[in-house]
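Remarks on the structure that follows.
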Amino acid sequence: MRRSPAHRVCDWSEVQPHKKLKKRSECFLLRSPVNLQLRHIYDLPGSMVGDHGFTGDTGHVQRSPKNGLSCKMVLQAVGKVLRKGKGKPNGKKPAAEEKKLYLEGENTKVRVVDFELKELVVLPREIDLNEWLASNTTTFFNLINLQYSTISEFCTGDTCPSMSACSTTYFWYDEKGKKTKCTAPQYVDFVMSSVQKLVTDEDIFPTKYGKEFPNTFDSLVKKICRYLFHVLAHIYWSHYKETVAMDLHGHLNTLYTHFVVFIREFCLMDPKETSIMEDLTEALCAPLPPQPQNHLTER
């Protein structure tokens with residue numbers, strides 16, 4: 001597997017998740033194979049993808065960031081530069097957002113893998129569908145939570161007074177159905193807290209052998225995916241500039257593509273709900289061009 005060098009600036013082991021996921025049961029063995037693959041693709045420590053059922057050497061090697069700079073130092077430096085140019089909102093979107101920086105060809109082609117991600121989401125033979133959905137949903141929560149944490153310093157009540165993406169504003173609905181307009185960081189915090197509560201609930205995401213998934217499991221997974229999509233859309237729309245500055249757009253593109261392929265494979269979101277990012281989806285989910293191969297001539 002070949003990877004783009006564009007993702008080597010950040011040492012993910014030093015990035016603190018926005019919401020720390022509680023460890024799940026070690027008997028959660030079926031979820032280990034996909035997590036091992038994800039650890040290799042996203043270059044993450046096992047604890048960040050919830051891999052608590054596997055121990056030992058997996059071949060994953062932690063690499064030091066370039067030039068000896070730690071991720072914290074990079075984030076602090078970039079933060080100082082970006083904050084200088086970011087004042088309070090004046091009602092107009094920045095030029096970079098109006099032009100959709102994330103759709104530029106030089107950005108959409110940056111990935112951390114060069115193979116079709118559909119291979120990772122197809123249900124393996126002899127594995128229960130709900131178990132597979134639970135495994136992937138938990139992992140996507142962890143990864144998107146981590147991705148958001150890299151730009152959370154720039155997502156404030158002043159810079160993001162509403163949870164928006166493109167021309168859409170998302171409102172939060174509490175358990176009683178009350179509609180609330182809140183700032184983006186508040187909305188994301190509600191999302192991460194709510195999802196964490198669900199994925200760590202033994203009655204909803206069971207980890208013990210023989211325990212059944214609830215009848216409402218499918219609808220809850222769809223709800224989680226909808227929330228996580230909102231977070232990804234907001235990162236692209238409002239914080240892509242910062243993501244590029246930290247050289248993490250390759251990770252973001254790969255994560256978004258992987259997530260979209262997953263929700264399409266199992267019909268977890270209505271296409272109308274994802275249509276606001278359809279231009280990005282088409283750009284990222286298009287078949288990758290064939291890689292040139294070296295042909296040796298026999299003499």
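The values are calculated or read from the model by the stated rules, or taken from the named source; none is laboratory data. From a predicted model like this one, the values you see are computed outputs, not experimental measurements. Because the Cβ atoms are built from the backbone with ideal geometry, glycine has one as well, and the counts that use them run over all protein chains shown. We work out accessible area using only protein heavy atoms, side chains counted, and drop any ligands, DNA or RNA first. Shrake-Rupley method; radii C 1.70, N 1.55, O 1.52, S 1.80 Å.
Return the residues of segment 160-176 that are at negative phi, at pLDDT below 95 and in a loop (DSSP other than H, G, I, E, B); say none if nothing qualifies.
SER167, ASP174, GLU175, LYS176
Taking the residues in segment 230-262 that are aliphatic (A, V, I, L, M) and open to solvent by 10 Å² or more (accessible area, probe 1.4 Å) as candidates, determine which candidate is farthest from the chain's Cα centre (by Cα).
Among those residues, the one meeting the criterion is ALA245.
Which one is least open to solvent (accessible area, probe 1.4 Å), of the residues in segment 165-179 that are without any contact (Cβ under 8 Å) to a residue 24 or more places away in the chain and among the aromatic types (Phe, Trp, Tyr)?
The selected residue is TRP172.
Can you report the number of residues in segment 196-214 which are in a helix (DSSP H, G or I) and either within 18 Å of GLU131 (Cβ to Cβ) or in contact with a Gly (Cβ under 8 Å, 6 or more places away or on another chain) (or both)?
2
For segment 149-164, give me each residue that is under 18 Å from VAL244 (Cβ atoms) and open to solvent by 20 Å² or more (accessible area, probe 1.4 Å).
SER152, GLU153, THR159
Listed here are the residues, each with its yes/no results for (1) modelled with pLDDT of 90 or more; (2) closer than 19 Å to TYR148 by Cα; (3) open to solvent by 50 Å² or more (accessible area, probe 1.4 Å); (4) in contact with an Asp or Glu (Cβ under 8 Å, 6 or more places away or on another chain).
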position	(1), (2), (3), (4)
LYS181	yes, no, yes, no
ASP189	yes, yes, yes, no
MET269	yes, no, no, no
GLU282	no, no, yes, no
LEU288	no, no, yes, yes
GLU298	no, no, yes, no
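Has segment 138-148 got any residue that is part of a helix (DSSP H, G or I), in contact (Cβ under 8 Å) with a residue 12 or more places away in the chain, open to solvent by 60 Å² or more (accessible area, probe 1.4 Å) and under 29 Å from TYR102 (Cα atoms)?
no
For segment 107-119, does any single residue satisfy the condition of being in a helix (DSSP H, G or I) and farther than 18 Å from GLU242 by Cα?
Within segment 107-119 (the criterion being in a helix (DSSP H, G or I) and farther than 18 Å from GLU242 by Cα), the answer is yes, since at least one residue qualifies.
Given the residues PHE213, PHE229, which is the only one that is over 20 Å from PRO271 (Cβ atoms) and of a type in the set (A, V, I, L, M, F, W, C)?
PHE213
I need the full set of residues from segment 154-179 which are of a type in the set (Val, Ile, Thr) and touching a helix residue (DSSP H, G or I) at 6+ places or on another chain (Cβ under 7 Å), in order please.
Once the filter is applied, which keeps residues that are of a type in the set (Val, Ile, Thr) and touching a helix residue (DSSP H, G or I) at 6+ places or on another chain (Cβ under 7 Å), segment 154-179 yields THR156, THR168.
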